[in-house]
Amino acid sequence: MSERTTMDAIARRVPHGARVLDLGCGDGSLLAYLQRERGCTGYGVEIDDANVLACVRRGVNVVQLNLEEGLAMFGDNAFDVVLQIDTLQHLRNTEVMLRETARVGKSGIVAFPNFAHWPNRLSVLRGRMPVTRRLPYQWYDTPNIRVGTFKDFEVLATRNRLRILDAFGLQNGREVRRLPNALAGTAVFHFEHD
Amino acid sequence: MSFIATPQFLSFPDALPLKGGGSLRDYTLAYETYGRLNADGSNAVLVCHALNASHHVAGVYEDQPRSEGWWDNMIGPGKPVDTNRFFVIGINNLGSCFGSTGPMHLNAETGEVYGADFPVVTVEDWVNAQALLLDRLGIGQLAAVLGGSLGGMQALSWTLQYPDRVRHAVVVASAPNLTAENIAFNEVARRAIVTDPDFHGGHFYRHGVVPKRGLRIARMIGHITYLSDDVMNEKFGRQLREGLAPRYSTQDIEFQIESYLRYQGDKFSDYFDANTYLLITRALDYFDPALAHGGNLTLALARATARFLLVSFTTDWRFSPARSREIVKALLDNRRDVSYAEIDAPHGHDAFLLDDARYHGVIGAYFNRIAEELGA
């Protein structure tokens, strides 16, 4: 997911000069990119020591927190955009985190692996959980504890009364707008709350 | 073997007004510096010390083996705070017993040793004195102010008292104020000292005695709170000092932990001043920048313009991660630049003085960014 084209596809949706919170910001490369290319400011949240160090090295503000403990540290609508890029599927409290994401941000962008991508469906039809470039793990060692699809997220977002501003798939760095639930390995949702 | 450090002294004849009322005049500050101040004076880093430390932050004294400064693993050539790039200053705080004017010195106004009459000094007073010393060294703005524990409180206070003079603040294992439990520990330590018959109301110097019993107990209780349960168990467990069978005595040293604490207490009572202990624990108790803002830390930190790095340690229960997070939250509310690392270390509060690759890695990376910013 860290490929340049994917980063571009997400960065394009972040307005110039926006205040950004990046949940599960990894090594801070997306935030650094947004700061450099789009004049954004903000913070990353990370739990992993090596990633926290990488962020400090890059000069990206990073707060070491366990997202499972919530976002109590951040105020309502404190950010223009909250990013949750390939983070959602690692969290036990997916729905709570989605609500928290919506609470602290005027808008949110969520990206996660779409388990309904056709090679994954094929694999399940053959009787095996998918192991692909996008989902390189075996079922017994995967950190992706929440297995959801493009369509599933639509349902969850609607249930939480989030307004979907845009939704599309990403495959090989290209936006997929036709049948994204079947044709894209990554689902991207841009939403805002009431 | 570290580099050679040399203590220096500067005297200040003018009165320093104190937060608690009154003032202190004709005082001396002991300090040390490492590295070189660059041409535009932009690479200065002030290191603030905690309870049991001094201006001797790093390096060793000539011909004195094992005289490494208290943060020698952090500061020096090629270390996380690299003295090849930064000009580092350590200042001994007023009221201390390591060189700056303290309760064991003569009060010029009365011609007597201060003793219990040494005025109560606060974190804010210390910062004001540090600022005056920096004036004398020709340092306008600090590249960074750095401190752990009580030193972290001074670093935080710098950003509030002199926002224009601090570019970065690195606050380690600290808190925005002490909790009731924390004040309670300090009070037990103070009562141990004050009720020692050798204390003589703080004027024990006249009597040629030292309230060592009180100091020992103060140190013992302090020491317990600086460690974690896990680390104590790992180090001592239920090990007996001698043999394998208990001796069933109420007063002899039975367990290793007792022996260790008594040793620490003895060592401490040989060099630390009883009045200094009272003064410094009081400075800890009084520190509370939010007080003037109705307890609202966000409002209190609105003045700060520095960029911040905060570090805490998971097993530190004296200055717990939750307290550092309060500072982080107040800075986030004010939209300040802040990074926060929570280091999973087993050593409790003491962790801030120990070697830990993750901890030193983050501090080193942060100071590396500062140096790059300065072109140092």
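None of the figures in this text is laboratory data; all of them are computed from the coordinates on show. Worth saying up front: this structure is predicted, and the values here are computed from it rather than measured. We place every Cβ from the backbone using ideal geometry, glycine too, and count neighbours over all the protein chains shown.
Counting DSSP beta bridges with both partners in the protein assembly as shown, what percentage is antiparallel, nearest 5? Of all bridge pairs located within the protein assembly as shown, approximately 40 percent are antiparallel. Taking a ≥ b ≥ c as the square roots of the eigenvalues of the Cα gyration tensor, the range B:128-232 is classed as oblate, since a/c reaches at least 1.5 and a/b does not exceed b/c. The fewest-to-most ranking of B:ASP270, B:ASP72 by surrounding Cβ atoms within 10 Å reads B:ASP270, B:ASP72. Applying D = kT/(6 pi eta Rh) to the range B:300-370, where Rh is the Kirkwood radius over alpha-carbon pairs, T corresponds to 25 °C and eta to 0.890 mPa s, the Stokes-Einstein value obtained is 191 µm²/s.
How high is the FRET efficiency between A:TYR140 and A:ASN66 when r is their beta carbon distance and R₀ equals 30 Å, given to the nearest 0.05? Working from the Cβ atoms, E equals 0.80. Model label points for B:GLU372 and B:PHE255, set 7 angstrom from Cα along the Cα-to-Cβ axis, are 4.9 nm apart. Which translational diffusion coefficient, to the nearest whole µm²/s, is obtained for chain B from the Stokes-Einstein equation, given a Kirkwood hydrodynamic radius over C-alpha pairs, 10 °C and 1.306 mPa s? Approximately 74 µm²/s, per Stokes-Einstein. Per residue of peptide B:363-371, the mean number of Cβ atoms on other chains within 10 Å of the residue Cβ is 3. Using a simple spin-label model with pseudo-atoms 7 Å out from Cα toward Cβ, B:ALA116 and B:ASP344 lie 5.1 nm apart. Using helices alone, what [θ] at 222 nm do you get for the protein assembly as shown, with -39,500 (n - 2.57) per DSSP H run of 4 or more residues, divided over all residues and rounded to the nearest 500? One gets -10000 deg cm²/dmol as the mean residue ellipticity at 222 nm. Between B:ALA180 and B:TYR61, the contour length at 0.36 nm per residue exceeds the alpha carbon distance by 38.9 nm.
Near B:LYS19, which lysines are there with a Cα under 29 Å away, not counting those fewer than 8 places off in the same chain? Counting by Cα, and skipping residues close in sequence, B:LYS19 has these lysines nearby: B:LYS329. Working from Cα pairs under 8 Å separated by at least six residues, relative contact order for the range B:223-376 is 24 percent.
Working note: Debye formula, equal point scatterers on the alpha-carbon atoms of chain A, no solvent; log10 I(q)/I(0) at q = 0.10, 0.12, 0.17, 0.18 Å⁻¹ is -0.38, -0.56, -1.16, -1.30. Spin-label model, A:ILE47 to A:LYS151: label points 7 Å out along the Cα-to-beta-carbon direction sit 3.1 nm apart.
Taking a ≥ b ≥ c as the square roots of the eigenvalues of the alpha-carbon gyration tensor, the range B:204-308 is classed oblate because a/c is 1.5 or more while a/b is no larger than b/c.
In terms of the Cα gyration tensor, with a ≥ b ≥ c the square roots of its eigenvalues, is the range A:3-80 rounded because a/c is under 1.5, prolate because a/b exceeds b/c, or oblate?
Oblate, because a/c is 1.5 or more while a/b does not exceed b/c.
Averaged over the residues of peptide A:47-53, the number of Cβ atoms from other protein chains lying within 10 Å of each residue's Cβ is 4.
The loop-placed GluC sites (Glu not before Pro) in the range B:213-316, going by DSSP, that have at most 13 neighbouring Cβ atoms within 10 Å of their Cβ come out as B:GLU242. DSSP loop trypsin sites (Lys or Arg not before Pro) in the range B:236-290 with at most 10 other Cβ atoms within 10 Å of their Cβ, which ones? For trypsin sites (Lys or Arg not before Pro) across the range B:236-290 that sit outside H, G, I, E and B with at most 10 neighbouring Cβ atoms in 10 Å, the list reads B:ARG238. Taking Cα centroids, how far is the range B:1-38 from the range B:40-57 in Å? Using only Cα atoms to place each centre, the spacing works out to 10 Å.
Across peptide A:36-45, the mean count of Cβ atoms from other chains lying within 10 Å of each residue's own Cβ comes to 1. Histogrammed with a bin width of 10 Å, the alpha carbon distances of the protein assembly as shown distribute as 3, 16, 24, 22, 15, 11, 7, 2, 0, 0 percent, first bin at zero.
The alpha-carbon of A:LYS151 sits under 24 angstrom from the alpha-carbons of these lysines, leaving out residues fewer than 8 places away in its chain: A:LYS106. Straight-distance candidates among the lysines for linking to B:LYS212, with alpha-carbon spacing under 17 Å and chain neighbours fewer than 8 residues away dropped: B:LYS267.
With r as the distance between the Cβ atoms of B:ASN38 and A:ARG177 and R0 = 45 Å, compute the FRET efficiency 1/(1 + (r/R0)^6) and round to 0.05.
Computed FRET efficiency for A:ARG177 and B:ASN38 comes out at 0.20.
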